Amino acid sequence: MGERFSVKTKQPFVFSNLAVSLDGKIATTSREFFAIGSPRDLRLLRKLRDEADVILFGAEVLRTFRKACLPLARGRRITNAVLSRTLSGIDPEWPFFNDDRIDRILYVTGKVPERRLRQFQKKAIVVNIDASRPALAILRDLARRKVGRVGVEGGGGIMWEFVKSNLIDEYFVTIVPRILGGVNAPTLVDGKGFTPLEALNLELYRSRRVGSELFLIYRPVPSRGKIHPLLR
Ligand SMILES: NC(=O)c1ccc[n+]([C@@H]2O[C@H](COP(=O)([O-])OP(=O)(O)OC[C@H]3O[C@@H](n4cnc5c(N)ncnc54)[C@H](OP(=O)(O)O)[C@@H]3O)[C@@H](O)[C@H]2O)c1
């Protein structure tokens, strides 16, 4: 815990951007594709992509969306990167793999059968990474590729990999006026979770209300744990 790329000293800069319901969920229990935010939120999502070199998401997002994640600016080329153990349940014929407006990197921690691997290698760069700290391994690989800015777009599974080592510099969170419920519905950050002493503390950097939606930006503060430094 605690190791992180410093915003000031090392690239890439990492931001996350997700929309959450009032009860902290990012999708329903079925996990089917459902843009929970407003058109304004979707515009923000794409606008933030305009400033990113790489957009990164978990394999479950790819399995539900199956398409390229594009920026707002026409003609702006970004890389879509995906984290998966073995790429199971992912089809190299999906539109995602045949969209020539993006470049693709697949980060895998496990062994992909050779024949399947070759199919993916025709469409994407496939990088084997350390299974113990995948987020750090991804950022190191992207730094080697001279990437300056990475947007992590969820879901909750991949978010945990970044959050557990405090690798996100800015959290863009849109609170949408819906309640989704469901004990098994994904949340902003899932995974194993922190103990009270490990809890990541943040401060509100910016906020904007538009209608019933709240557009928030949070940044981590240096100390961890249950006594929030801003409350002392
Ligand atoms: N509201 C929003 O803003 C928003 C944003 C994004 C997503 N979503 C929704 O959230 C849901 C997906 O979220 P999710 O939490 O279920 O999944 P996710 O984070 O998108 O993807 C989870 C997958 O990432 C891979 N992964 C995670 N940790 C890994 C590790 N340590 N090593 C290797 N691979 C790892 C695994 O892929 P493999 O299974 O291939 O091994 C895992 O199944 C979808 O319903 C999507 O629509 C909503």
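The values are calculated or read from the model by the stated rules, or taken from the named source; none is laboratory data. Treat the numbers as computed from the prediction; the structure is a model and nothing was measured. Note that we place each Cβ from the backbone using ideal geometry, even for glycine, and neighbour counts take in every protein chain shown. When the accessible area is computed, the model is the full protein with side chains, heavy atoms only, and any ligands, DNA or RNA have been set aside. Shrake-Rupley method; radii C 1.70, N 1.55, O 1.52, S 1.80 Å.
The table below lists the values:
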read-out	value
At R0 = 41 Å, FRET efficiency that the Cβ-Cβ distance of LEU42 and GLU93 yields, to 0.05	0.95
Ellipticity estimate at 222 nm from DSSP helix runs (n ≥ 4, -39,500 (n - 2.57)) divided over the chain, nearest 500	-5500 deg cm²/dmol
Distance cut-off 15 Å, percentage of C-alpha pairs in region 74-141 lying past it	51
Net charge of Cβ neighbours under 12 Å - reference ALA81; Lys, Arg +1; Asp, Glu -1	-2
Heavy-atom accessible surface of the chain: percent carbon and sulfur, 1.4 Å	53
Solvent-accessible ranking of SER132, SER38, largest area first, probe 1.4 Å	SER132, SER38
Distance histogram in 10 Å bins (all Cα pairs of region 25-162, percent per bin)	12, 43, 37, 8, 0
Projected area averaged over orientations for the chain, convex hull of C-alpha atoms, nm²	13.0
Whole-Hz couplings from phi, Karplus 6.51/-1.76/1.60, listed for region 72-86; x for Gly and Pro	7, 5, 5, x, 7, 9, 10, 9, 9, 10, 10, 9, 8, 6, 9
Extension gain (nm, one decimal) between THR86 and ASP23, 0.36 nm per residue minus Cα-Cα	19.5 nm
ASP53 - accessible surface, heavy atoms, 1.4 Å probe, Å² rounded to 10	60
Karplus (6.51, -1.76, 1.60) ³J(HN,Hα), θ = phi - 60°, over region 205-210, in Hz, Gly and Pro reported as x	9, 8, 8, 8, 10, 10
Rounded to whole Hz, the Karplus (6.51, -1.76, 1.60) HN-Hα couplings of region 20-35, x for glycine and proline	10, 6, 4, 9, x, 8, 10, 6, 7, 4, 5, 6, 5, 5, 7, 6
